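For reference, the structure discussed in these notes is given below.
Every read-out reported here was derived from the displayed coordinates using simple, explicitly stated rules and does not represent laboratory data. Because the structure is predicted, anything quoted here is derived from the model rather than measured. A quick note on method: Cβ atoms are made from the backbone with ideal geometry, for glycine too, and the neighbour counts reach across all protein chains shown.
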DNA sequence: GTCTATATGCTGATAGAC
DNA sequence: GTCTATCAGCATATAGAC
């Protein structure tokens, strides 16, 4: 086949198929050949739409970031807004666990990544936080979100209690087993979110003493 | 050459060379051929000492985790111990930035990873934290450490202010540029550490009311 | 048990025909 | 804008020398 009168591919179709492949069969299954085969074309055809595989992955990542709800930012009081935004952020990652390692590599340079960072930064500044602090708080929340996502979705502890009870009796008692890892990370995320926002509220009060 | 009378390779020599290669030339430079060449042997020889490349990377990761200082745990009061431990943890990652993406994938199943988790868990329990809370706090601190390491060492924002000021004026003002990313992550780490420990101290006081 | 040599089947990516 | 053909590099398997 040569050039078809109607293109078989476009960026959106490729990104959608790539995300489905990663969600369904894991990151390792995403090879240019596999992806192209699923789209009914041959491997190198993808390179007419993306310069490299990395650029393709970038676009996939940005699609996922577009799923994060930002509507509470600038609308609700900052502590609640920050909490709900972080939960929505985490939920977006949880919907695509196989992609988390890719998402974790840097804040991203694409439209949705920037929209995300701009929204939370703006909401904090508008609420009265100094710019420097707002930047740091935005970064901080990302750490919490990605840390808990990485722990949960990327391996974790072996599911064999004996491995631990043998040499690390206290760890064994901590229920650090694979079956519980997800629950632990969700609990740690919520604990951290609450403690962090409480700690930040103390700091905010020192910054803006009430009367 | 066939079997040399004195083995050319052993696990320690391989791990050391792999870490040097990753530190010096990045993760992508670590191929079995490159590594073997640097050790004066041919590629497949490594498989006499490690079953897969992943197992090798696992061993490298564990070596780095062995550099984390644990001496303050169980010695100092828990808030200070937690803070200093987190800083030592972060410093160990900062010493091997190219390895951070690998380190971030799960808590690890090797001796030093378990020693680390056991030490912090034990110290918190001994200080009076319930087991469940101690587990969550340990996880939480890892999120902070890895999140700030990933942000700093794994790409970050493009170093072109115009990209931001055009469509995201508030972000531009936030100094979210590559040259500042490292400082931001260090600041966010310290801010988060302080706020988190303050928030946890409040929680601890509710748990153990003073008099 | 430790090495070398060789081979397999992946991978991302390029060149040129249509 | 898609094809086919092709490339170099990858992790890894296998066979054999000692």
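Find the eigenvalues of the gyration tensor of the Cα atoms of the range A:6-66, then list the square roots of 5 times those eigenvalues as equivalent ellipsoid semi-axes, largest first, in whole angstrom.
Values: eigenvalues 54, 36, 22 Å².
Gyration-tensor ellipsoid for the range A:6-66: 16, 13, 10 Å.
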Have a look at B:113, B:104, B:37 and tell me which one the Gaussian network model of chain B (Cα, springs below 10 Å) gives the largest fluctuation. B:37
Using the 7 Å Cα-to-Cβ label point, sort the distances from residue A:208 to its equivalents in the other copies shortest first and give them in nm to one decimal. 3.5
Degrees separating the helix B:11-25 axis from the principal Cα axis of chain B, which is the longest one: 70
On a 0 to 90 degree scale, rounded to 10, what angle separates helix B:53-65 from the longest Cα axis of chain B? 50
Could you check the simple spin-label distance between residue B:87 and residue A:42, using points 7 Å along Cα→Cβ, in nm with one decimal? 6.1
Between B:199, B:138, B:26, find the one with the highest GNM mean-square fluctuation for chain B; connect C-alpha pairs within less than 10 Å. B:199
What a careful reader reports for the chain A Cβ nearest the rotation axis onto chain B, distance rounded to whole angstrom, is A:199, 2
So for chain B, averaging the separation of alpha carbon pairs under 8 Å that are six or more residues apart and normalising by length, what relative contact order in percent results? 16
In whole angstrom, note down how far apart the Cα centers of the range B:1-76 and the range B:95-136 are. 22
Taking the Cα-to-Cβ direction at residue B:109 and at residue B:33 and moving 7 Å from each Cα, how far apart do the two end points lie in nm? 3.0
Could you state the angle between the C-alpha long axis of helix B:178-207 and the longest principal axis of the C-alpha atoms of chain B, as a value from 0 to 90 degrees rounded to the nearest 10? 50
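Give the calculated FRET efficiency between residue A:201 and residue B:69 to the nearest 0.05, with a Förster radius of 30 Å applied to their Cβ-Cβ distance.
On the way: r = 32 Å, r/R0 = 1.06.
According to the calculation, E is roughly 0.40.
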Per-copy distances of the residue A:53 label point, shortest first, in nm (7 angstrom along Cα→Cβ): 1.1
Hey, rough spin-label estimate for residue B:180 and residue A:10, points 7 angstrom out along Cα→Cβ, what's it come to in nanometres? 3.9
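How large is the helix-only mean residue ellipticity at 222 nm for the protein assembly as shown, computed as the sum of -39500 (n - 2.57) over DSSP H runs with n ≥ 4, divided by its residue count, in deg cm²/dmol to the nearest 500? Before the final figure, lay out each step's value.
Numbers: 20 runs with 276 residues, N = 422.
Helices in the protein assembly as shown give a 222 nm mean residue ellipticity of -21000 deg cm²/dmol.
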Taking a label point 7 Å from Cα toward Cβ, how far is residue B:75 from its twins in the other copies, in nm, shortest first? 5.2
